[in-house]
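The values are calculated or read from the model by the stated rules, or taken from the named source; none is laboratory data. Just so we're clear, the structure is a prediction, and the values are computed from it rather than from any experiment. Every residue, glycine as well, gets a Cβ built from its backbone with ideal geometry; the counts of neighbours run over all protein chains shown.
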Amino acid sequence: MSDRSTEIPSTIESVIASDYVDALDARLDSHDAYIEYQQQEARRALPFLAGFFDVSCARVLEIGAGRGGKGIAYAQAGMRVVSLDVDVAAVQVGLGAAQRVGVAMNFLVGNGARLPFSADSFDAILLDSVIEHVADPYALLSECHRVLRRQGIVFVVFPPFYGPLSGHIDDYVLIPWFHLLPRALVERKLLSLDRQIGILTPRDAYAVFATLNRLTIFGFRRVARRAGFTLAYWRVRPFLTHPGTRVMVGLFAAFRHPSRIGNLQAVLARARREFTLGTFVLFLWLSVLAPLVFVPIAQEIAVGGVKAVLKKG
């Protein structure tokens, strides 16, 4: 496989680009590694976002920015970025990272349900893996609608709550739907684990799980309509585990571009190293379940992620 992600032009095929794969696998090694992973995710999203607004100059609000890596990459592409998060420590880490690479952007501590901006302030708002954590998704989207300019968009990515691995705990517990058990059982299981995975502790994983608001596909579409948005883009996808996803994308890439069969060979070689018996069985089970993502109502238990674009108009 080539070491240059630019040689794999498709957004989907970028999943098997070595730069992205390495950043994904190393994301929990350190705060800097996680920021690099965020930047890789943002670079993958840029071609998609460019279909909805001018990424070279738009004024953009990123809510739930965390350590700021995505905002840094967007600012480097030309966006005028304001990154907002409720976590003071995360904002400070992001600010320091932006200063180290000489990126001019604003970091703010604040609540997305009470945005400190006037109406019609932004061309786009980014809610990437955020809306499933807020106490009131309707309040958040209503504020987004208020501060967006006419024809502005909200880019939303989230895992619906009833998906197989939507509990944000799969770094520790890779059991489908385990997060649907009573919260006390999930807490007991996580806190019984005595290993730390890089910067992530079992207590950290439980803290993230505890913020989930149980948002479903149906619930999201309902609150988006109530907030005044129309749906400009909608896609649901299964989650087949990281090595499983890479295998499927490698097959897809080889089918589309037979000359790149080397990409598939490299993906399969990596899969042989990454798969354990347990994760391979899980991959097969999730693959069987995957067609349900196209079945209304039933998709709630099969979807791994939603990508949507909401438009103010």
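So the values come out like this:
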{"read-out": "Pair list, Cβ under 7 Å, 6 or more apart: region 300-311 residue closer than 16 Å to Phe53 by Cα, other residue β-branched (Val, Ile, Thr)", "value": "Ala308/Val156; Val309/Ile153; Leu310/Ile153; Leu310/Val154; Leu310/Val156; Lys311/Ile153; Lys311/Thr230"}
{"read-out": "Qualifying residue in region 57-64 (condition: part of a helix (DSSP H, G or I) and under 20 Å from Ile131 (Cα atoms))", "value": "no"}
{"read-out": "Flag for Gln265 being modelled with pLDDT under 95 and either in a helix (DSSP H, G or I) or of a type outside the set (Asp, Glu) (or both)", "value": "yes"}
{"read-out": "Filter pass, Phe218 being in contact with a His (Cβ under 9 Å, 6 or more places away or on another chain), assigned to a helix (DSSP H, G or I), touching a residue at least 12 places away in the same chain (Cβ under 8 Å) and hydrophobic (A, V, I, L, M, F, W, C)", "value": "no"}
{"read-out": "Positions within region 66-118 being among the polar types (S, T, N, Q) and either within 22 Å of Glu36 (Cβ to Cβ) or touching a residue at least 40 places away in the same chain (Cβ under 8 Å) (or both), in sequence order", "value": "Gln76, Ser83, Gln92, Gln99, Asn106"}
{"read-out": "Residues of region 86-112 satisfying the condition of being under 20 Å from Tyr138 (Cβ atoms) and buried (at least 18 other Cβ atoms within 10 Å of the Cβ)", "value": "Gly112"}
{"read-out": "Search result, residues across region 259-282 that are touching a helix residue (DSSP H, G or I) at 6+ places or on another chain (Cβ under 9 Å), small (Gly, Ala, Ser) and within 28 Å of Ile175 (Cβ to Cβ)", "value": "Ala271"}
{"read-out": "Identity of the residue in region 281-313, outside any loop (DSSP other than H, G, I, E, B) and small (Gly, Ala, Ser), that ends up surrounded by the most Cβ atoms within 10 Å (Cβ to Cβ)", "value": "Ala308"}
{"read-out": "Subset tally (residues that are assigned to a helix (DSSP H, G or I) and either exposed (fewer than 14 other Cβ atoms within 10 Å of the Cβ) or among the small types (Gly, Ala, Ser) (or both)) for region 269-280", "value": "6"}
{"read-out": "Residue tally, condition among the aliphatic types (A, V, I, L, M) and in contact with an Asp or Glu (Cβ under 8 Å, 6 or more places away or on another chain), over region 74-98", "value": "5"}
{"read-out": "Some residue of region 133-147 being in contact with a Phe, Trp or Tyr (Cβ under 6 Å, 6 or more places away or on another chain) and either in contact (Cβ under 8 Å) with a residue 12 or more places away in the chain or among the aromatic types (Phe, Trp, Tyr) (or both)", "value": "yes"}
{"read-out": "Long-range neighbours under 8 Å by Cβ, at least six apart or interchain, first residue more than 10 Å from Phe209 (Cβ to Cβ) within region 166-187, second surrounded by 15 or more Cβ atoms within 10 Å (Cβ to Cβ) and among the polar types (S, T, N, Q)", "value": "Leu174/Thr241; Leu174/Thr279"}
